[in-house]
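Taking it in order: structure first as structure tokens, then the write-up.
The values are calculated or read from the model by the stated rules, or taken from the named source; none is laboratory data. Remember, predicted model here, so these are calculated numbers, not experimental data. Cβ placement follows ideal geometry from the backbone for every residue including glycine, while neighbour counts extend to all protein chains displayed. Ligands, DNA and RNA are excluded from the accessible area calculation, which covers all protein heavy atoms including side chains. Shrake-Rupley method; radii C 1.70, N 1.55, O 1.52, S 1.80 Å.
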Amino acid sequence: MIIYGTGAKDLGSKKIPGAICPSCESQNVSIVGIAKYFDVFWIPMFPYSKKIHAVCTNCDLVIDKANIDQRTANKINLEKKSFKIPFYLFSGLIIIACIILYGIYTSFEHDKEIADNLKNLQPNDVLVFENDDNTYSYGKVITISADTLFFNFSNYVFEGGSPDEDLYLTDKEKYSDFYNAETYYYFQNTLDSLYNTGDIFDLYKLSKW
């Protein structure tokens, strides 16, 4: 369940020299800034308004614009810019932006790692191929001869999302005939081309085991 709502932040106050309260005629008139913001799980996401009010600190009257003389109104307008919205009221957006940037960075690093490892395949390494029907099949490196790599392909495909190494290992343990005994081969430049076209989805570097 997502808990969301709104909040308000006091931006401080400044006394307006020469301003007179229309109610008690006190000269203790200040302008007060209030920022309203949207929050999720009590984390400020972003502010959606900033209001400036003239308030008499003697009688607590919030002075209506219609009762403010032009000279005082001009002073209020000049002071509006001095009420800054705190940076932390954008915390939610900053967190979301950081998550997105981190995801982009890790995806880039993962793609770079696959491209590098693809040029240095060893026996027992596993390539994950994405099929046209959104399933995934596995090809395990058996032997390598010059620029030719020989594979056994899985008898089973992965369905229901994107596989990862842990899911692969779990599925592989379930079936004694997980891999077909028939051998296929690819040239290195063919594998590079398949990766560039997106047919190779992932690579599990299992030769290190």
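Is it true that some residue in the stretch 79-87 is under 41 Å from the mean Cα position of the chain (by Cα) and without any contact (Cβ under 8 Å) to a residue 12 or more places away in the chain?
Yes, the stretch 79-87 contains at least one residue that is under 41 Å from the mean Cα position of the chain (by Cα) and without any contact (Cβ under 8 Å) to a residue 12 or more places away in the chain.
Any chance you could count how many residues in the stretch 44-68 are touching a residue at least 12 places away in the same chain (Cβ under 8 Å) and in a loop (DSSP other than H, G, I, E, B)?
5
Considering every residue within the stretch 106-118, establish whether at least one is modelled with pLDDT of 90 or more, touching an Asp or Glu at 6+ places or on another chain (Cβ under 8 Å), among the hydroxyl-bearing types (Ser, Thr, Tyr) and under 17 Å from Phe201 (Cα atoms).
No, the stretch 106-118 contains no residue that is modelled with pLDDT of 90 or more, touching an Asp or Glu at 6+ places or on another chain (Cβ under 8 Å), among the hydroxyl-bearing types (Ser, Thr, Tyr) and under 17 Å from Phe201 (Cα atoms).
Can Lys119 be described as of a type in the set (Lys, Arg), in contact with a helix residue (DSSP H, G or I) (Cβ under 9 Å, 6 or more places away or on another chain) and open to solvent by 60 Å² or more (accessible area, probe 1.4 Å)?
Details: of a type in the set (Lys, Arg): yes; in contact with a helix residue (DSSP H, G or I) (Cβ under 9 Å, 6 or more places away or on another chain): yes; open to solvent by 60 Å² or more (accessible area, probe 1.4 Å): yes.
When the stated conditions are applied, Lys119 passes them.
How many residues does the stretch 75-90 hold that are open to solvent by less than 70 Å² (accessible area, probe 1.4 Å) and not in a helix (DSSP H, G or I)?
3
Quick grid of which residues meet (1) touching a His at 6+ places or on another chain (Cβ under 6 Å); (2) surrounded by 12 or more Cβ atoms within 10 Å (Cβ to Cβ); (3) of a type in the set (Asp, Glu):
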{"site": "Cys21", "(1), (2), (3)": "no, yes, no"}
{"site": "Glu25", "(1), (2), (3)": "no, no, yes"}
{"site": "Tyr37", "(1), (2), (3)": "no, yes, no"}
{"site": "Phe41", "(1), (2), (3)": "no, no, no"}
{"site": "Ile52", "(1), (2), (3)": "no, yes, no"}
{"site": "Cys56", "(1), (2), (3)": "no, yes, no"}
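Which one is nearest to the chain's Cα centre (by Cα) among residues in the stretch 147-185 that are assigned to a strand (DSSP E or B) and among the polar types (S, T, N, Q)?
Among those that are assigned to a strand (DSSP E or B) and among the polar types (S, T, N, Q), it is Ser154.
Considering (1) more than 24 Å from Gln188 (Cα to Cα); (2) part of a helix (DSSP H, G or I); (3) out of contact with any Pro (no Cβ under 6 Å at 6 or more places or on another chain), say which one Phe108 fails and leave the rest.
(1)
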